[in-house]
Amino acid sequence: MEMDFRNSTEAALYEYKAGLGEFTKKMPSLAEKFNSFTEECFKEGALSKKDKQLIALGISLYSQDEYCIIYHVKGCLDEGCSEQEILEAIGVTAAFGGGASMSQAVTLVQESIHELNQLKQ
């Protein structure tokens, strides 16, 4: 079934969710435990959900995981992060991850912010 996506960010999010769905069918117990673990990690606590998404975005950039970068840019926006907050988190990540982190930040992150904001309109 061919889907009609409005942009590359929407397509990547769909691909991730579809892949996760297939994995869950094949490995339901493992997927359930992983999902429960990550849900617990991202709950409001001493750190806000917003702060946790910014941390996750930084780790995603550092590890060069494009699907997680897009997923956590969306998470940051969903939790009310401003573009400035996202860019500051990128700066901290680049201080540790150097050029590789910065290259993802100035391309994929900014593209994702732009495309996700377009989807809201």
If Arg6 passes every condition in (1) loosely packed, with under 12 Cβ neighbours inside 10 Å; (2) free of Cβ contacts under 8 Å to residues at least 12 places away in the same chain but one, which one does it miss? (2)
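Does Leu47 fit the bill of being at pLDDT 95 or above, farther than 27 Å from Glu115 by Cα and either of a type in the set (A, V, I, L, M) or in contact with a strand residue (DSSP E or B) (Cβ under 7 Å, 6 or more places away or on another chain) (or both)? Steps first, answer last, please.
Numbers: at pLDDT 95 or above: yes; farther than 27 Å from Glu115 by Cα: yes; either of a type in the set (A, V, I, L, M) or in contact with a strand residue (DSSP E or B) (Cβ under 7 Å, 6 or more places away or on another chain) (or both): yes.
Yes.
Mind counting the residues in the range 53-72 that are touching a helix residue (DSSP H, G or I) at 6+ places or on another chain (Cβ under 7 Å) and either buried (at least 19 other Cβ atoms within 10 Å of the Cβ) or of a type in the set (D, E, K, R) (or both)? Can you show your working first?
Of all residues in the range 53-72, those touching a helix residue (DSSP H, G or I) at 6+ places or on another chain (Cβ under 7 Å) come to 53-54, 56-58, 60-62, 64, 66-72.
Subsequent filtering for residues that are either buried (at least 19 other Cβ atoms within 10 Å of the Cβ) or of a type in the set (D, E, K, R) (or both) retains 53-54, 56-58, 60-61, 66, 69-72.
Total satisfying the criteria: 12.
Do we find that Lys50 is surrounded by fewer than 12 Cβ atoms within 10 Å (Cβ to Cβ), free of Cβ contacts under 8 Å to residues at least 40 places away in the same chain and among the basic types (Lys, Arg) in this structure?
On the way: surrounded by fewer than 12 Cβ atoms within 10 Å (Cβ to Cβ): no; free of Cβ contacts under 8 Å to residues at least 40 places away in the same chain: yes; among the basic types (Lys, Arg): yes.
Criteria not met by Lys50.
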State which residue pairs qualify: first residue touching a residue at least 60 places away in the same chain (Cβ under 8 Å) and surrounded by fewer than 14 Cβ atoms within 10 Å (Cβ to Cβ) and inside the range 98-113, second residue part of a helix (DSSP H, G or I) and not aromatic (Phe, Trp, Tyr) in any location, beta carbons under 7 Å apart, and separation of 6 or more residues or different chains. none
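The values are calculated or read from the model by the stated rules, or taken from the named source; none is laboratory data. The structure presented is a predicted model; accordingly, all values stated were derived computationally and were not measured. Cβ: placed from backbone, ideal geometry, glycine included. Neighbour counts: every protein chain shown.
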